[in-house]
Amino acid sequence: MTGKPFLTVTDLSIDFTVGSRVTNAVKGISFDLSRGETLAIVGESGSGKSVSALSLMQLLPYPTASHGPKSSISFKGEELIGAIDRRLREIRGNEIGMIFQEPQSSLNPLHRVSKQINEVLIVHKGLTQAAANRRTLELMNLVGIRDPEQKLNSFPHELSGGQRQRVMIAMALANEPELLIADEPTTALDVTIQAQILELIQDLQKRLNMGMIFISHDLGVVRHIADRVIVMKDGEVVEEGTNQQIFENPKHPYTIELINADPSGEPNKPDPNAPVIVETEDLKVHFPIRSSFLRRTIGYVKAVDGISLQIKAGQTVGVVGESGSGKTTLGLGLLKLVKSQGPIVFMGKAIDGLNSKELRPYRAEMQLVFQDPFGSLSPRLTVGEIIGEGLELHQPNLSEEEREDRIVRALEEVDLDPEFRHRFPHEFSGGQRQRVSVARAMVLEPAFLVLDEPTSALDRSVQSQLVDLLRDLQNRRQTAFLFISHDLRTVRALADEIIVMRQGKVVEQGSADQIFDAPEEAYTQSLIAAAFDLVVKNKEVIAD
Amino acid sequence: MMSTDKQIKPKLFGLTVSPPTQRRWMKFRQNRRAFYSLWVFLILFVLSLFSELVANERPLLIKSDDGFFFPIMKSYSEESFGGDFPTEADYKDPYVQELIEERNGWFIWPPIRYNYTTISNDMEGEAPAAPSRHHWLGTDDQARDVLARILYGFRISVLFALILTVLSSVVGIVSGAMQGYFGGLLDMIAQRVIEIWTSMPQIYLLIILSSVIVPGFWTLLLLLFFFSWVALVSVVRAECLRVRNMDYVKAAKALGLSNLAIIRRHVLPNALVAAITFLPFIMASSVTALTALDFLGFGLPPSAPSLGELLQQGNNNRHALWLGLSGFVIIGLLLSLLVFIGEGVRDAFDPRKAAVE
């Protein structure tokens, strides 16, 4: 399969110079790639994998970024570092194609899909409008978009995440590049869609005999797709080898750590006699759709449509489903942060009829941790102020020292340095911020905690640390968790009972063992197949 | 467990401040231009606050056989120095000076022996007189010392601008935050009102109004305030609209914070940086607005020391270069200082601009 390498990278180093500060993002890495071969670059955020990929197309912000004197990128015998702009533009999108992580922001929201794909063809191949249209339609068929004629005239926002990623792939492949760079192409997608996209990329690569560089932090995906693997850490290659070598006989401790980074461990088993913390029956959250002019209600979006659940002290109920399935809204509805219909009994008291003022005393007992570690902390408050805010409100008679003491303890409980309380959120990594979020919620010692995808924006190894932390906290405090996630691996490590949601309704509900080991519904089966084996199963029940 | 917690609260000018404030101050200091501008501005401002001690037609202190006199604080009749009239002594009159010196007296004069209304008689040539030993920046066309008028005028301009800025930012920020955070109908109505309000031709309205009511410091302040409060609304509103959907606002709601508390703690601080960036510009535009009205003759009463009036005189007496030039320099200096300080404050409040530590 592999022949002579057509891409050779030697001693590539990348420095970023901001003011007088020089950051060595990549410190002399070398690799090569042949046609039809997939090389995966894995590593955590900040390891320099994306920058390396961007440098292949010379897309870094020069001269802020610079390469070392011995760095060389040789593509089909041609040196790309220092090549003239015109030549680089010819190569980009023509001989080297690229798929980005976020299909939402890499498509121009103001142009129709057809125009964006046509553009690539017209610029590089000099096709006429009509010829470009024909070729675009072919490409849309190639990447497996249903009703391509209709989708061609859509704007990016009218497409689903998976469809947008397919369009991105169509754009990258429009000119049949010899090298395809895929930068975390499935990270932003749901698991079932991830499986479909991976299948598509693999299939296309074989058919077009492209060389591919696949960048990912997800070793599950890499194992599935790569021929050879490079493991990067802090800008250096720590291990390199074939798929088999890396996964079956990893040598470097960091590689071993990454491979074992999947969230592991058994969920806490609640005491069967533990008190019920939250209970709801047939909970509904319907958002009215209003006509644009008179603002009359003309229909409802049934975000949550009849969910019943019960969570005991020390128990975790996992809610899984794809984006748009209403799982976040379920959490917010339970906390009465959005209007919901249906009885909610919280620690023995019905709270569904209370207004926001009457709810306030209960707020300390039910808390929330969000997905996005960047948006969930007020950027202008210090970590100490963020954590102390709830205490100020709910326990106003604490003295300043007592409050400080509680903040320190909360930080220690989530394994952060108490001195961090004087710093601002932007100084922390995603994982640390997520710990601050947990500390903010736990400082009030709530009985019930809603965790809304707390791990999905984090690196694998950080995820498993957070999962361990949460499990440990629950064990100590006997908190009831509602754990919302699309990531079945984390759910498996935490949740004792599982609700599979789709379009606001329950698909399947039951104990974790039963759901994972013997799923009954076709949808659940396909979710599990996609998450654990990265294969597409029961195609008819999943969206694209 | 608390062993690491030997935190000494940082102090700033003797006041205990929180670490973030401390860090902002450090960052502000690192911006040399802003830091020196602040000092120059403060020195000028404090100097102008004590204008009476710097530029006055009365001596600061007189000592004679009859004891100490403080003409600045108290008015003394000519008789109290042994003169003829029961009216107030004119200390510039050589006769009065002689009277005091006869009683072994001496004077301490302020550095500039004129205040903003003093009509000078010791200039060379006729008014407006060119700069000379007595009048460092010359006199205006009514024989008043330009330097003294600049000093007093600076004080009026800065005080006026300060009060106007504070008033209009408080009202602007509050109304912008309300509109942005609550949105909906309130926002819709308020936005339309502001649109109509801002499309009124301000300067004509001000001219018409100032011909109906006698313009003074406070009436002008009120008139300009009617129009200047909208300046911050759109900035603060936009920022609040953005912030109110952030997860941390949801988190605050989940903590049970009231709307007002959420606005105060989570929404406003974010909007404030945007607002603070605008403050020096609002202050600068307040200075300009007052100057413009004075220049057109619809501002402060004619005898009041005003920078606009100085510019007007410069325009009317183009042969007297020192009038226009000193007016230009002082206004230019004031506006530049304000903008430099503003830039420093803005950068210091931005947590993403890391301080070089």
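The values are calculated or read from the model by the stated rules, or taken from the named source; none is laboratory data. Worth saying up front: this structure is predicted, and the values here are computed from it rather than measured. Cβ: placed from backbone, ideal geometry, glycine included. Neighbour counts: every protein chain shown.
A few points about this structure:
- Test: residue in the range A:148-170 that is closer than 30 Å to A:Asn24 by Cβ and among the acidic types (Asp, Glu): no
- Qualifying residue in the range B:220-233 (condition: in contact with a Phe, Trp or Tyr (Cβ under 7 Å, 6 or more places away or on another chain), assigned to a helix (DSSP H, G or I) and within 14 Å of another protein chain (Cβ to nearest Cβ)): no
- Number of positions in the range A:158-179 that are assigned to a loop (DSSP other than H, G, I, E, B) and either over 22 Å from A:Gly324 (Cβ atoms) or not hydroxyl-bearing (Ser, Thr, Tyr) (or both): 6
- In the range A:325-338, the residues that are within 13 Å of another protein chain (Cβ to nearest Cβ) and out of contact with any Asp or Glu (no Cβ under 9 Å at 6 or more places or on another chain): A:Thr329, A:Gly333, A:Leu334, A:Leu335, A:Leu337, A:Val338
- Selection status of A:Arg406, among the basic types (Lys, Arg) and either farther than 14 Å from B:Tyr248 by Cα or in contact with a strand residue (DSSP E or B) (Cβ under 8 Å, 6 or more places away or on another chain) (or both): yes
- A:Gln367 being under 16 Å from A:Pro446 (Cα atoms) and part of a strand (DSSP E or B): yes
- All positions within the range B:237-279 that are within 15 Å of A:Glu389 (Cβ to Cβ), more than 12 Å from chain A (Cβ to nearest Cβ) and buried (at least 20 other Cβ atoms within 10 Å of the Cβ): B:Ile263
- Matching residues in the range A:458-480 - criterion: being part of a helix (DSSP H, G or I), touching a Leu at 6+ places or on another chain (Cβ under 8 Å) and not aliphatic (A, V, I, L, M): A:Arg460, A:Ser461, A:Arg471
- Residue satisfying condition, being surrounded by fewer than 22 Cβ atoms within 10 Å (Cβ to Cβ) and either more than 16 Å from A:Glu176 (Cβ to Cβ) or hydroxyl-bearing (Ser, Thr, Tyr) (or both), within set A:Glu95, A:Glu138, A:Glu102: A:Glu102
- The residue of the range A:446-466 that is nearest to A:Gly384 (Cα to Cα), among those that are at pLDDT 85 or above and within 13 Å of another protein chain (Cβ to nearest Cβ), is A:Pro446.
- With respect to the conditions (1) part of a helix (DSSP H, G or I); (2) in contact with a strand residue (DSSP E or B) (Cβ under 7 Å, 6 or more places away or on another chain); (3) not acidic (Asp, Glu), B:Ser120 lacks only one, and its number is (1).
- Test: residue in the range B:328-350 that is in contact with a Phe, Trp or Tyr (Cβ under 8 Å, 6 or more places away or on another chain), of a type outside the set (Asp, Glu) and within 14 Å of chain A (Cβ to nearest Cβ): yes
- Where helices (runs of 4 or more DSSP H) sit wholly within the range B:264-357, none has at least 2 residues that are over 18 Å from B:Phe45 (Cβ atoms) and of a type in the set (Lys, Arg).
- Some residue of the range A:388-399 being more than 8 Å from chain B (Cβ to nearest Cβ), surrounded by 24 or more Cβ atoms within 10 Å (Cβ to Cβ) and under 30 Å from the mean Cα position of the chain (by Cα): no
- Members of the range A:400-438 that are more than 12 Å from every other protein chain (Cβ to nearest Cβ), within 22 Å of A:Ala457 (Cα to Cα) and not in a loop (DSSP other than H, G, I, E, B): A:Gly430, A:Gly431, A:Gln432, A:Arg435
- Test: residue in the range B:203-216 that is at negative phi, more than 28 Å from the chain's Cα centre (by Cα), more than 11 Å from chain A (Cβ to nearest Cβ) and not charged (D, E, K, R): no
- Selection of the range A:377-387 for residues being under 15 Å from B:Lys250 (Cα atoms) and more than 7 Å from every other protein chain (Cβ to nearest Cβ) yields A:Ile386, A:Ile387.
- Of all positions in the range A:343-353, at least one carries a residue that is within 13 Å of another protein chain (Cβ to nearest Cβ), of a type outside the set (Lys, Arg) and surrounded by 15 or more Cβ atoms within 10 Å (Cβ to Cβ).
- Some residue of the range A:480-490 being without any contact (Cβ under 8 Å) to a residue 60 or more places away in the chain and either farther than 30 Å from A:Val301 by Cβ or among the aromatic types (Phe, Trp, Tyr) (or both): no
- Within the range A:357-376, the set of residues being within 12 Å of A:Gln434 (Cβ to Cβ) and more than 7 Å from every other protein chain (Cβ to nearest Cβ) comprises A:Val369, A:Gln371, A:Pro373, A:Phe374.
- Selection status of B:Ser199, away from chain A (no Cβ under 14 Å) and at pLDDT 85 or above: yes
- Selection status of A:Phe532, in contact (Cβ under 8 Å) with a residue 24 or more places away in the chain, surrounded by fewer than 20 Cβ atoms within 10 Å (Cβ to Cβ), within 18 Å of the chain's Cα centre (by Cα) and not in a strand (DSSP E or B): yes
- Residue, modelled with the lowest pLDDT, within the range B:53-101, restricted to residues that are among the basic types (Lys, Arg) and under 22 Å from B:Ile119 (Cβ atoms): B:Lys92
- Counted residues, the range A:17-33 - those being under 12 Å from A:Gly235 (Cα atoms) and at pLDDT 85 or above: 7
- Residue that is surrounded by the fewest Cβ atoms within 10 Å (Cβ to Cβ), among those in the range A:253-276 that are β-branched (Val, Ile, Thr) and farther than 19 Å from A:Ala531 by Cα: A:Ile256
- Options A:Lys4, A:Lys27; residue that is within 22 Å of A:Thr64 (Cα to Cα) and more than 14 Å from chain B (Cβ to nearest Cβ): A:Lys27
- The set of residues in the range A:180-199 being farther than 23 Å from A:Leu54 by Cα and in a helix (DSSP H, G or I) consists of A:Val191, A:Thr192, A:Ile193, A:Ala195, A:Gln196, A:Glu199.
To keep it simple, each residue is scored yes or no on (1) surrounded by 20 or more Cβ atoms within 10 Å (Cβ to Cβ); (2) out of contact with any Phe, Trp or Tyr (no Cβ under 7 Å at 6 or more places or on another chain); (3) farther than 26 Å from A:His124 by Cα.
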residue: A:Gly46; (1), (2), (3): no, yes, yes
residue: A:Lys49; (1), (2), (3): yes, yes, yes
residue: A:Leu56; (1), (2), (3): yes, yes, no
residue: A:Lys76; (1), (2), (3): no, no, no
residue: A:Ile81; (1), (2), (3): no, yes, no
